[in-house]
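The structure appears right after this line, and notes come after that.
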Amino acid sequence: MKRERSKQLFKAAQEVIPGGVNSPVRAYLAVGGDPLFMKEAHGNILTDEDGNQFIDYNSSWGPLIFGHAHPQIIEAICESAGMSTSFGTPTENEIRLAGEVVSAVPSIETVRMVSSGTEAVMSAIRLARGHTGRDKILKFEGCYHGHADSLLVKAGSGLISLGIPDSPGVIADLAKHTLTLPFNDADKVKALFEKEGDQIACLIVEPVAGNMGVIPPKPGFLQALREITEKHGTLLIFDEVITGFRVAYGGAQELYGITPDMTCLGKIIGGGLPVGAYGGRREIMNDIAPTGSVYQAGTLSGNPLAMTAGIEMLNLLSADGVYDDLEQKSASLCDGFKANVEKLGIKTRFTRVGSMFSMFFTDCEVVDYETVTTCDTGLFKRYFNAMLEEGIYIAPSQYEAGFMSAVHTQEDIDKTISAQYRALEKAITH
Ligand code: KE4
């Protein structure tokens, strides 16, 4: 596979950008080699700067559930851009997107748009602390909620991939207010709350963990979090930046029937443009400026292009049968992968919730950070590179999710399954 142009670009990028990338996971540190520089993408096909083409299962880390450069979304963005790229004033499309989010997501009565998932979570945490007057927050090891200081404690995604669960620069005086527990262990949550529940402002959780690879909640886990937080006056925050509009139109809270106090969104609701959002019950959200005194602001919050892209994306997603189709395609792909690893006798574990899925190179049941770190990351590294050679693009880390889109065809899926067989054969023999 030719990689000359990407190599040249990576060299040039490192002169002017830290590590040559604008986000660490893109640097391929977990899988080796120089990162591929993409030139364009249409539907589910990526084309890199050397002209190599790939069937894409990374989906820009989740937002592109209707594939790249969807004509309806692009047309709407172009029309919007022609009327200005930003006003810094309220616009009608902010009402339209907020209205669609409010009607779709059970916990949200009002919602504030921001420009990234990190900003959404950071703001929700500040609001929870302001609303409750409490300082402590609880998160789960291996869950990733963006890079706000309070959340860079035993975090997932790029931090696990780089083996740095905590980040330098996060001061101890702040980190000490962030409590962490193993994901999927309700008993430990109950015990902690019995001790200090009255000091905990919020519990934030990815209802389906997507930053340790995909780890579904154990039956009853989310219900237990809801009951325990309710009992202690702690706000339950679902970080649905990945799962929002991914696992169901109403997100994981619709799928599992659990209503949190606040929800953070991102990725899909921006249609690939920079958006984040946080919302919840009116009595909580009214504490946010200008109605309340908890401050949060943003020059490009509610950006007209991002609002337009989000409106079109949710328009596409709200059509009949979209989620049934995503379910069927994702099941077909994962069944094919399972057949491959069985034939080759490779110890793996599979997880999947709707169109987000993972294959772990381990023989241990993966339920939390500790069990997920039993994976053979050396085998994953060989597998990732063999998949690239076969024209299949997956996330460059064992600890990220795979995503199916509505524009993958059965032909793409069949092609992927046979390509994966060859990639696995290569990975286990080197
Ligand atoms: P952003 O600030 O990256 O838009 O969102 C942060 C975030 C918050 N919550 C969850 C559950 C998330 O998964 C994320 C970001 N996800 C990672 C990939 N797993 C973004 C990729 C990257 O860091 O480049």
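A few points about this structure:
- The set of residues from segment 15-37 being aliphatic (A, V, I, L, M), part of a helix (DSSP H, G or I) and surrounded by 15 or more Cβ atoms within 10 Å (Cβ to Cβ) comprises Val25, Ala27.
- The residue pairs whose first member lies in segment 120-139 and is more than 20 Å from Leu225 (Cβ to Cβ), whose second member is assigned to a strand (DSSP E or B) and within 14 Å of the ligand (Cβ to nearest atom), and whose beta carbons are closer than 7 Å, counting only pairs six or more residues apart or on different chains, are Ser123/Val114; Ser123/Tyr278.
- The lone exception for Ile108 - which of (1) within 16 Å of the ligand (Cβ to nearest atom); (2) under 20 Å from the mean Cα position of the chain (by Cα); (3) of a type in the set (A, V, I, L, M, F, W, C) it fails: (1)
- Condition check for Ile242: crowded, with 24+ Cβ neighbours inside 10 Å, at pLDDT 95 or above and in a helix (DSSP H, G or I): no
- Residues of segment 1-14 that are crowded, with 16+ Cβ neighbours inside 10 Å and of a type in the set (Gly, Ala, Ser): Ser6, Ala13.
- Any pair with Cβ under 6 angstrom, 6 or more apart, that starts in segment 369-389 at a residue that is buried (at least 18 other Cβ atoms within 10 Å of the Cβ) and ends at one that is in a helix (DSSP H, G or I) and among the charged types (D, E, K, R): Ala386/Lys426
- Residue under evaluation Pro207, criteria (1) away from the ligand (no atom under 16 Å from the Cβ); (2) over 28 Å from Thr299 (Cα atoms), criterion not met: (1)
- For segment 84-101, the set of residues classified as buried (at least 16 other Cβ atoms within 10 Å of the Cβ) and either within 18 Å of Glu240 (Cα to Cα) or not assigned by TED's automatic domain parsing to the domain that holds Gly302 (or both) consists of Leu97, Ala98, Glu100, Val101, listed by residue number.
- Check on Ala148, aliphatic (A, V, I, L, M) and buried (at least 24 other Cβ atoms within 10 Å of the Cβ): no
- Set Thr47, Thr85: member being in contact with an Asp or Glu (Cβ under 6 Å, 6 or more places away or on another chain) and not aliphatic (A, V, I, L, M): Thr47
Residue-by-condition table, conditions (1) away from the ligand (no atom under 16 Å from the Cβ); (2) closer than 17 Å to Thr180 by Cβ; (3) among the β-branched types (Val, Ile, Thr); (4) part of a loop (DSSP other than H, G, I, E, B):
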| position | (1), (2), (3), (4) |
| --- | --- |
| Glu196 | yes, yes, no, no |
| Ala201 | yes, yes, no, no |
| Asn211 | no, yes, no, yes |
| Pro219 | yes, no, no, yes |
| Glu227 | yes, no, no, no |
| Ile237 | no, yes, yes, no |
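- Among the residues of segment 319-366, those that are basic (Lys, Arg) and touching a residue at least 60 places away in the same chain (Cβ under 8 Å) comprise Lys329, Lys343, Arg352.
- Selected residue [farther than 30 Å from Ala81 by Cβ, of a type in the set (S, T, N, Q) and assigned by TED's automatic domain parsing to the domain that holds Gly142] from Thr299, Thr234, Thr263: Thr234
- Test for Ser6: is it over 20 Å from the mean Cα position of the chain (by Cα) and either assigned by TED's automatic domain parsing to the domain that holds Leu162 or modelled with pLDDT of 95 or more (or both): yes
- Candidates Ala69, Ala41, Ala76, Ala81 - the one that is under 30 Å from Asp324 (Cα atoms), surrounded by fewer than 17 Cβ atoms within 10 Å (Cβ to Cβ) and either among the small types (Gly, Ala, Ser) or outside the structural domain of Leu326 (by TED's automatic domain parsing) (or both): Ala69
- Scanning segment 324-336 for residues that are surrounded by fewer than 21 Cβ atoms within 10 Å (Cβ to Cβ) and in contact with a Phe, Trp or Tyr (Cβ under 7 Å, 6 or more places away or on another chain) returns a single hit, Cys334.
- Residue among Gly302, Gly310, Gly336, Gly279 that is assigned to a loop (DSSP other than H, G, I, E, B) and among the small types (Gly, Ala, Ser): Gly302
- Filter pass, Gly19 being of a type outside the set (Lys, Arg) and away from the ligand (no atom under 14 Å from the Cβ): no
- Total residues in segment 143-156 satisfying the condition of being at pLDDT below 95 and either more than 11 Å from the ligand (Cβ to nearest atom) or out of contact with any Cys (no Cβ under 9 Å at 6 or more places or on another chain) (or both): the figure is 5.
- Which listed residue is more than 30 Å from Asp412 (Cβ to Cβ) and out of contact with any Leu (no Cβ under 8 Å at 6 or more places or on another chain), from Glu92, Glu75: Glu92
- Checklist (1) in contact (Cβ under 8 Å) with a residue 60 or more places away in the chain; (2) among the charged types (D, E, K, R); (3) more than 16 Å from the ligand (Cβ to nearest atom) applied to Glu75, failing item: (1)
The values are calculated or read from the model by the stated rules, or taken from the named source; none is laboratory data. In this text, all values refer to a predicted model and were calculated from it rather than measured experimentally. Positions of Cβ are generated from backbone atoms using ideal geometry, with glycine treated the same way; all protein chains shown enter the neighbour counts.
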